[in-house]
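S.K.: Before I ask anything, let me first share the structure, which is written out below as structure tokens.
Taken together, the values in this text are just the output of simple stated rules run on the coordinates, not laboratory data. Keep in mind that this is a model prediction, so the values were computed, not measured. A quick note on method: Cβ atoms are made from the backbone with ideal geometry, for glycine too, and the neighbour counts reach across all protein chains shown.
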Ligand SMILES: *Cc1c(COP(=O)(O)O)cnc(C)c1O
């Protein structure tokens with residue numbers, strides 16, 4: 001064995017302690033770190049002929065990057081929809097790397113129980129019946145890819161064809177219908193060979209709504225004259241957290257043949273709080289359902305789940321028969337259920353955090369974040385400098401600068417705000433208006449952060 005590696009192997013407890021210190025130091029300073037910083041390019045380091053060993057490498061890392069690691073998992077990173085690993089989730093994630101286990105099947109460990117148990121806990125959290133099986137993937141984008149791949153296979157079966165076997169050329173073009181879909185739905189359609197052009201966009205409701213107009217959706221389905229299609233319903237739009245009427249969409253199935261894919265990447269967490277759970281009524285009627293773990297569950301990147309209740313189709317699309325993998329068994333043959341063959345034990349952080357904080361813990365996070373969004377919007381509404389663009393339905397505030405700003409002035413404001421460092425927000429466009437979003441989804445965020453944010457907004461108004 002290489003000398004450095006031998007030494008490091010002998011020195012492992014001390015090296016882990018050094019890593020623990022680095023992690024603790026970072027987490028202890030998370031409030032003081034900038035939420036985000038601008039990107040600054042660096043010339044890459046050359047590959048050393050002889051390595052320096054792990055301790056010196058940690059030192060080098062901390063010197064080169066440590067101080068500049070931002071608090072994107074901190075309480076005031078309100079861009080995108082971003083959680084921050086809970087303590088228990090972080091512990092689970094460390095152990096995931098420690099075990100470094102390939103959770104592709106039940107061939108070599110009982111670890112599949114961890115994934116099955118985590119999925120079971122999640123079903124309980126979201127009120128999903130156990131007719132849904134769940135599979136961990138890397139994010140909601142990949143969950144959407146899997147859900148739409150299942151819909152694609154279902155479409156083929158309606159015409160007596162397995163698209164997984166025969167390919168898309170064996171069937172006429174597939175129509176996908178829905179309202180204000182997340183950008184990743186279009187990316188998934190591109191990846192799956194269905195094509196971005198397959199999406200037939202139904203109108204959204206008038207006014208400040210982003211939910212689909214059911215009459216228009218029905219019109220799109222009528223245009224198909226009884227031909228099956230895939231319907232994408234949205235539970236939680238990124239700008240204003242609007243929800244399609246899932247129950248009404250599911251009820252259309254009695255009239256029109258379609259596969260119902262629901263993208264509830266973070267909207268699914270409405271199920272955790274009594275005041276919001278009506279928003280996801282009908283979610284359990286999905287054929288496939290996307291939920292992120294690295295957003296409101298506050299599990300570390302990168303993790304999401306695809307829930308589906310069409311096991312046979314999932315096997316048809318994702319089966320990976322190879323002699324060297326041996327006979328694989330239900331329900332733990334993950335290698336045959338998702339895009340990856342080799343798979344990280346991604347379920348462990350989720351298992352940890354759900355058992356550590358329970359249903360109450362998640363209700364508290366969701367309710368606190370929604371209350372923060374309400375208060376932040378109320379504060380903005382008292383200011384002559386900002387305009388709130390939509391009612392706050394859950395955890396996102398969509399607003400802009402007063403005086404009909406163009407995209408460049410919003411971008412300049414957001415850059416000043418980022419460089420101020422106290423909060424981080426991301427831009428958007430709502431009904432043609434250049435705007436920005438404050439998305440609350442981190443367990444660390446408190447009332448005090450709203451005051452800090454307010455001061456940062458004020459300070460960033462002028463260049
Ligand atoms: C964030 C999000 C996605 C994409 O999720 P990733 O985890 O970034 O891949 C898809 N749909 C919705 C509604 C989202 O909010």
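S.K.: Using alpha-carbon positions, what is the distance between the centroids of segment 188-240 and segment 122-178, in Å?
M.R.: Value for the Cα centre distance between the two parts: 16 Å.
S.K.: Would you mind getting me the FRET efficiency between residue 275 and residue 247? Use the beta-carbon distance for r and R0 = 30 Å, nearest 0.05.
M.R.: Values: r = 18 Å, r/R0 = 0.60.
For residue 275 and residue 247, the calculated efficiency is 0.95.
S.K.: If packing is taken as the average count of other Cβ atoms within 10 Å, what order do 310-316, 14-20 fall into, highest mean first? Provide the component values of the computation, followed by the final result.
M.R.: Numbers: 310-316: 17.6, 14-20: 13.4.
Most protected by this proxy first, the peptides run 310-316, 14-20.
S.K.: Calculate the spin-label point distance for residue 190 paired with residue 124, positioning each point 7 Å from the Cα along the beta-carbon direction, and give it in nanometres.
M.R.: It works out to 4.1 nm between the two label points.
S.K.: Let me ask another. Nearest 500 deg cm²/dmol is fine: what mean residue ellipticity at 222 nm does the chain get from its DSSP H runs of n ≥ 4 alone, each adding -39,500 (n - 2.57), divided by its residue count?
M.R.: Details: 14 runs with 182 residues, N = 463.
Result for the chain, helices only: -12500 deg cm²/dmol.
S.K.: Another question, then. Would you mind calculating the relative contact order of segment 162-271 from Cα pairs under 8 angstrom and at least 6 residues apart, reporting the percent as a whole number?
M.R.: Values: 167 pairs, mean separation 28.2, N = 110.
Result for segment 162-271 is 26 percent.
S.K.: With the cut-off at 1.5 for a/c, could you classify segment 397-463 from its C-alpha gyration tensor as rounded, prolate or oblate? Don't skip to the end; give the middle numbers.
M.R.: Working: a/c = 2.19, a/b = 1.41, b/c = 1.55.
Because a/c hits 1.5 or more and a/b fails to exceed b/c, segment 397-463 counts as oblate.
S.K.: Dividing the alpha-carbon radius of gyration of the chain by 2.2 N^0.38 Å (N being the number of residues), what value is obtained? Walk me through the numbers on the way to the answer.
M.R.: Numbers: Rg = 23.6 Å, N = 463, 2.2 N^0.38 = 22.7 Å.
Computed over Cα atoms of the chain, the ratio equals 1.04.
S.K.: With a 10 Å Cβ neighbour count serving as the proxy for reagent exposure, in which order, fewest first, do 409, 105, 97 appear?
M.R.: Working: 409 14, 105 21, 97 11.
In order of increasing Cβ crowding within 10 Å: 97, 409, 105.
S.K.: If each residue's Cβ is checked for other Cβ atoms within 10 Å, how do 31, 292, 100 rank with the fewest at the top?
M.R.: Going from least to most buried by this count: 100, 31, 292.
S.K.: Shifting gears a bit: Share of antiparallel DSSP beta bridges in the chain, in percent to the nearest 5?
M.R.: On the way: 24 of 40 bridges.
Expressed as a percentage, antiparallel bridges in the chain total about 60.
S.K.: Still on this structure, please answer the following. Computed FRET efficiency, Cβ-Cβ of residue 223 and residue 3, R0 56 Å: what is it to the nearest 0.05?
M.R.: Values: r = 70 Å, r/R0 = 1.25.
Once the sixth-power term is evaluated, E becomes 0.20.
S.K.: Same structure again: Rank these for me by crowding, 177, 433, going from fewest to most other beta carbons within 10 Å. Could the numbers behind the result be given before it?
M.R.: Numbers: 177 26, 433 15.
The order, fewest Cβ neighbours first, is 433, 177.
S.K.: For residue 161 paired with residue 69, estimate the spin-label separation in nm (one decimal), with each label point 7 Å from Cα along the Cα-to-Cβ line.
M.R.: Reported label-point gap for residue 161 and residue 69 is 5.1 nm.
S.K.: Next question, about the same structure. Residue 45 to residue 17: FRET efficiency via 1/(1 + (r/R0)^6), r the Cβ-Cβ distance, R0 41 Å, to the nearest 0.05? If you can, show how the numbers build up before the last one.
M.R.: On the way: r = 25 Å, r/R0 = 0.62.
Efficiency, from the Cβ-Cβ distance: 0.95.
S.K.: Specify whether the C-alpha gyration tensor of segment 1-104 places it in the rounded, prolate or oblate class, a ≥ b ≥ c being the square roots of the eigenvalues: rounded for a/c under 1.5, otherwise prolate if a/b is larger than b/c and oblate if not.
M.R.: Details: a/c = 1.99, a/b = 1.36, b/c = 1.46.
In terms of gyration-tensor shape, oblate.
S.K.: Same structure again: Can you give the % of DSSP beta bridges in segment 250-365 that are antiparallel, to the nearest 5? It would help to have the intermediate numbers written out before the result.
M.R.: Numbers: 5 of 8 bridges.
Looking only at bridges with both residues in segment 250-365, the antiparallel portion is about 60 percent.
S.K.: A follow-up question, please. Give the separation of the Cα centroids, segment 266-298 to segment 392-463, in Å.
M.R.: 25 Å
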